[in-house]
Amino acid sequence: MEPIEDWRRSQYASEITTEDFESEVTVGGWIQDIRNLGGIAFIQLRDRTGVVQVTVIKKEHGKEFFKKITSLPRETVIMVKGKVQPNEQVASGFEVLPKEMKVLGMANTPLPLGVVDKVDADMDTRLDARFIDLRKEEVAAVFKIRSTILSAVREVFESEGFIEVHTPKIVATATEGGTALFEASYFEKKAYLNQSPQLYKQMLMATGFDRVYEIGPAFRAEEHDTTRHLNEFTSIDIEIAFSDEEDAMGVLERCVYNAILRTREKNEKEMRILGADMDIPALPLQRITYSECLDMIKEGGFEMEWGEDFPMEAMKILGEKVPDFFFITKWPTKSKPFYTQPYEDKPEVCRGFDLQYKEKEITSGAQRVHDVELLKKRLEEQGLNPSEFTFYLDAFEYGMPPHAGWGLGAERLTMILTGMQNIRECVLFPRDRKRLVP
Ligand code: ATP
Ligand code: MG
């Protein structure tokens, strides 16, 4: 292996144009394939933008150089300095004739996973060798789109006056009870990994920060093993003061809108590779009440009681009857967490909402309870002990404005925009019921 010294790429594969014809470039990447015809060899060199063909001719480049380059195992990392020459035979319309080469990172054989092989490896094999799996353009495409989505939501937050915050992930109490938490030992105390920044972002509403967002990890020790749950996911959270649930829904639909808009602008190539297509939705997104949803579900032949959360079977019926993105509003109070504000004139119904894409939930949000007496009552009604929430309740005792917010799963939104069927495709190193490594 050779040191890189002062060698740097002059451009990525896809940045080479007709303007570079006859001039010298420096390219670098992974050897995707070598076709050796004896006197001439074609090397496909891949970087994150695409593939460039390096053509080696034995007579011209010398026996030794020819042998050295053609005997390198696939996926070895090299850099090549050479001249760009037009060649109609090559898909890109040109090839690079090497003058010098550096071998920077040898690849062992056999590879744990093929990069361009036609055989579809199963999910476990792929995840075990994720560092290679991510070399595939269709796998990498998901993460390029995910990056665009996250920058698009940040763009909305920045333009709407939000402050970015980070709240603790090691905590002493469950956010909502109910959901299983991962335990951690915290010196002589027991601690948990936070399932959501809910309580902390609400406490920040008592500070005058007014509009906060957090993009960070959330941990759920749920035993489920589904295609839309992870045990660690990235949560995009907001909380806004002097606001109700309608204001929070407004911010959310602008985030979704901008994420789709920017993905269409920046990731046309990735969308094509994935065969994904997503129209920019018209705003405002439709709001459908829980009771209206229940009627549609019953019309679809599924029986359930007012007050329950919709099981997947019910959601599927609903997903077929409604537009792609829609809000479900006016939920039964008992179906939502204790911090959800009930309607003042109809306390069995609350100001909670979900954003759905067909049958998939992507966000839950609400106007929150900010009256501390009501909050204590709601905790008790849900079987929780207010004395365990003192640190949180205290923040409501000294001037807490009305506020609202939501939590949006980054992987769920990425799934929808990329058309992926399994949420594990949308996270680099998934944590699920069976997987803790890599
Ligand atoms: P679900 O009913 O789909 O299990 P939830 O209602 O338990 O979700 P919330 O507590 O409302 O989830 O979390 C807010 C958002 O965070 C969800 O709408 C979803 O986008 C995302 N989310 C929640 N749990 C998970 C998970 N286990 N894996 C991935 N994303 C999740
Ligand atoms: Mg929810």
>> Considering only protein heavy atoms and a probe of 1.4 Å, how much of the accessible area of region 257-385 is carbon and sulfur, as a whole percent?
In response: 46 percent
>> Run the simple label-point estimate for residue 377 and residue 107 please: 7 Å along Cα→C-beta, distance reported in nm.
In response: 6.6 nm
>> Just to be sure I understand: of the beta bridges DSSP finds with both ends in the chain, what percent are antiparallel, rounded to 5?
In response: 90 percent
>> I want to check the label-to-label distance for residue 18 and residue 397. Put each point 7 Å from Cα in the C-beta direction and report it in nm to one decimal.
In response: 7.6 nm
>> Counting only protein heavy atoms and a 1.4 Å probe, tell me what percentage of region 136-219's accessible area is made up of carbon and sulfur.
In response: 56 percent
> In the calculated pair distance distribution of region 325-430, what percentage of Cα-Cα distances lie above 16 Å?
Replying inline: 64 percent
> At a 1.4 Å probe, what is the % contribution of carbon and sulfur to the accessible area of region 13-105?
Replying inline: 48 percent
>> Can you give me the long-range amide H partners of residue 213? Hydrogens built in the peptide plane at 1.01 Å from N, cutoff under 5 Å, separation of 5 or more residues or another chain.
In response: 163, 164, 165
> For the chain, what is the accessible area per residue in Å² when the probe is 1.4 Å?
Replying inline: 48 Å²
> Between region 158-229 and region 1-65, what's the alpha-carbon centroid distance in Å?
Replying inline: 48 Å
> Counting each DSSP H run of 4 or more residues in the chain as -39500 (n - 2.57), what helix-only mean residue ellipticity at 222 nm follows after dividing by all residues, to the nearest 500 deg cm²/dmol?
Replying inline: -8000 deg cm²/dmol
> So how do 207, 333 rank on accessible area, 1.4 Å probe, biggest first, that is with the largest at the start?
Replying inline: 207, 333
> If you keep only loop residues by DSSP, which trypsin sites (Lys or Arg not before Pro) in region 62-147 have at most 10 other Cβ atoms within 10 Å of their Cβ?
Replying inline: 118
> What net charge do the residues around residue 206 carry, taking every other residue with its C-beta under 12 Å from that of residue 206, with Lys and Arg at +1 and Asp and Glu at -1?
Replying inline: -2
> Relative contact order, percent, of region 132-426 when contacts are C-alpha pairs under 8 Å separated by at least 6 residues?
Replying inline: 22 percent
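The values are calculated or read from the model by the stated rules, or taken from the named source; none is laboratory data. Bear in mind that the values here come from a model prediction, so they are computed numbers and not experimental data. With ideal geometry, Cβ positions are generated from the backbone for all residues, glycine too; neighbour counts draw on all protein chains shown. With ligands, DNA and RNA removed, areas are computed over all heavy atoms of the protein, side chains included. Shrake-Rupley method; radii C 1.70, N 1.55, O 1.52, S 1.80 Å.
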